[in-house]
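Input: a single structure, listed below in structure tokens.
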Amino acid sequence: MEKARSFVLLDVRPDSLFEAARIAGSIRAGGLAFEALRDVLPPGFDVPLVFVSEDGRRPLGAPDRAAEAAGYLRVVWLEGGLRAWAASGLPVVGSRIFPG
């Protein structure tokens, strides 16, 4: 039985990259305004929101600022992004190959 996560993964990469490879259970958030994601987030502002980019860098119009402005208290970026996750040997859903 898989243990439930105590955080939410929000993948802000473009849809094509999300479809090619992603962390299991992550929510597609690329190109969406943060307000559009509110319906899929668990209730309460204390749940950690972990934003995922390709390489850990914050994109322009970063949704983390909108999350903080909406009242979320624990907002972070996955260090190194999906590339670092995959390079660490952690599971990735999809067929995209990441250079080692």
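Nothing in this text is a laboratory measurement; each read-out follows from the coordinates by a stated rule. Everything numeric in this text was worked out from a predicted model, so none of it was measured. Note: ideal-geometry Cβ built from the backbone for every residue, glycine included; neighbour counts use all protein chains shown.
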- Residues satisfying the stated conditions in segment 47-76, i.e. touching a Ser or Thr at 6+ places or on another chain (Cβ under 7 Å) and of a type in the set (A, V, I, L, M, F, W, C): VAL52
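Determine, yes or no, whether PHE51 is over 14 Å from PHE7 (Cα atoms) and aromatic (Phe, Trp, Tyr).
Numbers: over 14 Å from PHE7 (Cα atoms): no; aromatic (Phe, Trp, Tyr): yes.
No.
Can you pull out every residue in segment 56-83 that is assigned to a helix (DSSP H, G or I) and in contact with a strand residue (DSSP E or B) (Cβ under 7 Å, 6 or more places away or on another chain)?
Step one: list which residues in segment 56-83 are assigned to a helix (DSSP H, G or I), which gives 63-69, 81-83.
Passing the criteria: PRO63, ASP64, ALA67, GLU68, GLY81, LEU82.
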- Item | Selected residue (criterion: surrounded by the fewest Cβ atoms within 10 Å (Cβ to Cβ)) from residues of segment 25-78 that are within 13 Å of VAL12 (Cβ to Cβ) and of a type in the set (Phe, Trp, Tyr) | TRP77
